[in-house]
């Protein structure tokens, strides 16, 4: 993957993370009932965090030497 394309994807992941962790969405998630005894906000934050890390790992990958 070219560096320019990788940079665009990293910016997209950053913006996606901002949307996932933005105030209005967090309020909606917090109003949901408990799931398996966990507060929904805690479960959502860990899931969103894990998704962002997974996407960064997929896009980042290993750089091949030139």
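The values are calculated or read from the model by the stated rules, or taken from the named source; none is laboratory data. It should be emphasised that the depicted structure is a prediction, and the values quoted were computed from it without experimental measurement. Note that we place each Cβ from the backbone using ideal geometry, even for glycine, and neighbour counts take in every protein chain shown.
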Answer yes or no as to whether residue 15 is out of contact with any strand residue (DSSP E or B) (no Cβ under 7 Å at 6 or more places or on another chain) and surrounded by 12 or more Cβ atoms within 10 Å (Cβ to Cβ).
no
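One line per residue, one yes/no per condition, for (1) in contact (Cβ under 8 Å) with a residue 24 or more places away in the chain; (2) loosely packed, with under 12 Cβ neighbours inside 10 Å:
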| position | (1), (2) |
| --- | --- |
| 11 | no, yes |
| 32 | no, no |
| 38 | no, yes |
| 43 | no, no |
| 57 | no, yes |
| 61 | yes, yes |
The condition of being modelled with pLDDT of 95 or more, closer than 24 Å to residue 2 by Cβ and within 15 Å of the chain's Cα centre (by Cα) holds, among 54, 45, 20, only for 54
